[in-house]
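The block underneath contains the structure these notes are about, expressed in structure tokens.
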Amino acid sequence: MTQTKIDILAFGAHPDDVELSAAGTLLKEAAKGKKIGVIDLTQGELGTRGSAELRMKEANASASILGLSCRENLKMKDGFFQNDEAHIRDIVRMIRKYRPEIVLANAPSDRHPDHGRAAKLVADACFYSGLMKIETEEEGKSQEAWRPKALYHYIQDYYQKPDFVLDVSDYVEQKMQAIKAFGSQFYDPDSKEPDSPIAVKNFFDFIEGRMINMGRYILADYGEGFLKSRPLGVESLTHLL
């Protein structure tokens, strides 16, 4: 079994969750030589616009823009996946397969109920992945236990005061390209599909405004904010500047 080591593995309940909230962060870390990957829990088949098949194609296009080392879709049931043993094991397999140092996950509370449920599911899986007595397999071979060093939640539709903000000013244009790869989900004056909260004319203005707002916390033009799952450990106060 080939072992692929990833530095940062981002989970999203739906294809485009990661792009909308944390693409700038992934791009910045990739530019530093970090290996980054994305795991989508569902195919977004309940989305107001588009289809599961189209979302998969869009996700692959976005992956190329982001320079991902991996992107997988667990094909959980959109809207109805649960925090139970079967779903936890699916995520544990991904964590043990890619052995990330850092995991990013959905916001703990948000407009879409899948987001909060995914946040708790991924958080629980990060813990259980480190327990040796939980056995999982990939390609017929046993996986070794692995627990990420850190779990952070990206901020999505609902505003939440961030615990920390990353300056992504140099990656805004590329982030927007990755988001726009999901063209079926956004405003199109020629579309006959129903409106949705993200398919309005000014939605991209909202995304930019959110980054500007986050950037103000750290005196940067644009930022992406995150919530920590536990206290951060640092070696010096100057690391917090």
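Here are the numbers for the structure shown:
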{"read-out": "Overall form of region 24-148 per C-alpha gyration tensor (a/c, 1.5; a/b vs b/c)", "value": "oblate"}
{"read-out": "Exceeding the 29 Å Cα-Cα cut-off - candidates K28/K228; K5/K133; K5/K175; K133/K175", "value": "K133/K175"}
{"read-out": "Region 1-70 and region 87-109: distance between their alpha carbon centers, rounded to Å", "value": "13"}
{"read-out": "Choice from M132, M211, M56 with maximal GNM fluctuation in the chain (Cα, 10 Å cutoff)", "value": "M132"}
{"read-out": "Region 170-241: trypsin sites (Lys or Arg not before Pro) in DSSP loop, at most 10 other beta carbons within 10 Å", "value": "K192, K201"}
{"read-out": "Solvent-accessible area per residue for the chain (1.4 angstrom probe, square angstrom)", "value": "51"}
{"read-out": "Theoretical ellipticity at 222 nm over the chain - DSSP helices of four or more residues, -39500 (n - 2.57) apiece, nearest 500", "value": "-11000 deg cm²/dmol"}
{"read-out": "Cβ charges +1 (Lys, Arg) and -1 (Asp, Glu), total dipole of the chain, debye", "value": "600"}
{"read-out": "Kyte-Doolittle mean at least 0.0, axial Cα span of 24 Å or more - DSSP H helices of the chain", "value": "none"}
{"read-out": "Farthest toward positive dipole pole in the chain [+1 Lys/Arg, -1 Asp/Glu at C-beta], among T42, A52, V103", "value": "V103"}
{"read-out": "The chain: most fluctuating residue of A52, A31, A22 per GNM, C-alpha cutoff 10 Å", "value": "A31"}
{"read-out": "Total formal charge among the other residues, if their Cβ is under 10 angstrom from that of G130, Lys/Arg +1 and Asp/Glu -1", "value": "+2"}
{"read-out": "Three-way shape call for region 98-207 based on the alpha-carbon gyration tensor, with the a/c threshold at 1.5", "value": "prolate"}
{"read-out": "Rounded percent of accessible protein surface that carbon and sulfur make up, region 137-241, 1.4 Å probe", "value": "49"}
{"read-out": "Highest-MSF residue in the chain out of Y187, Y158, Y98 [GNM, Cα springs under 10 Å]", "value": "Y158"}
{"read-out": "Cα gyration tensor, the chain - rounded (a/c under 1.5), prolate or oblate", "value": "oblate"}
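The values are calculated or read from the model by the stated rules, or taken from the named source; none is laboratory data. Quantities reported herein were computed from a predicted structural model and do not represent experimental measurements. Every residue, glycine among them, receives a Cβ derived from its backbone with ideal geometry; neighbour counts consider all protein chains shown. The protein model used for the area step is the full one, side chains on, heavy atoms only, and it has no ligands, DNA or RNA in it. Shrake-Rupley method; radii C 1.70, N 1.55, O 1.52, S 1.80 Å.
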